[in-house]
Amino acid sequence: MKIAIVKTNGTVELTTMGEGLQDIYNTIGNGCDMFQQLPIGDGLLLVDEEAKIKAEIPPDNAMATEFCDLMDVGLDPSDRICGNMVLVGTRGSELSDIPTALLDAIKKFAGPERVTGSH
């Protein structure tokens, strides 16, 4: 499955991983509990919201937070994304490759100098 990982270091990694949620959990944490449908294609974002209540909070992810604001996902103005955020697609109830429109949007938002990897 082709995905984009918006990392806490301000970069976006384009990569491929297995079809299941376990690979995503391994990337963002086992507390993956924010699944937000995005208004572009059949895009979905996944983050570990439970990370904020753990003893060791991952770093803020400013790029992910700003992208969520741009996508109007309904974050409270005082809220922020912590840790990595994964962007994928959906096909019915199954996860799938990140939609081209969403991929183009995150690449444009990040800028070519902050995008690594390829699909």
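The values are calculated or read from the model by the stated rules, or taken from the named source; none is laboratory data. All values derive from a computational prediction rather than experimental measurement. Neighbour counts are summed over all protein chains in view; Cβ atoms, including those assigned to glycine, are modelled from backbone coordinates with ideal geometry.
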Near pairs, Cβ below 6 angstrom, 6+ apart or cross-chain, from the stretch 60-78 (farther than 14 Å from residue 46 by Cβ) to any residue that is surrounded by 10 or more Cβ atoms within 10 Å (Cβ to Cβ): 60/80; 60/82; 63/6; 63/10; 65/80; 65/81; 75/68
Per-region count, the stretch 76-119, residues modelled with pLDDT under 85, out of contact with any strand residue (DSSP E or B) (no Cβ under 6 Å at 6 or more places or on another chain) and not in a strand (DSSP E or B): 3
Pair list, Cβ < 8 Å and 6+ apart or interchain, from the stretch 1-23 residues that are in contact (Cβ under 8 Å) with a residue 24 or more places away in the chain to residues that are aromatic (Phe, Trp, Tyr) and surrounded by 13 or more Cβ atoms within 10 Å (Cβ to Cβ): 6/67
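From the set of residues in the stretch 6-22 that are β-branched (Val, Ile, Thr) and more than 14 Å from residue 109 (Cβ to Cβ), which is modelled with the lowest pLDDT?
Of everything passing the filter in the stretch 6-22, 8 is modelled with the lowest pLDDT.
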Residue tally, condition touching a Lys or Arg at 6+ places or on another chain (Cβ under 8 Å) and surrounded by fewer than 23 Cβ atoms within 10 Å (Cβ to Cβ), over the stretch 90-104: 1
Test: residue in the stretch 38-60 that is at pLDDT 85 or above, in a loop (DSSP other than H, G, I, E, B) and surrounded by fewer than 16 Cβ atoms within 10 Å (Cβ to Cβ): no
Residue tally, condition free of Cβ contacts under 8 Å to residues at least 40 places away in the same chain and closer than 18 Å to residue 106 by Cβ, over the stretch 82-96: 0
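Would you confirm whether or not the stretch 23-33 contains a residue that is modelled with pLDDT of 85 or more and polar (S, T, N, Q)?
No, the stretch 23-33 contains no residue that is modelled with pLDDT of 85 or more and polar (S, T, N, Q).
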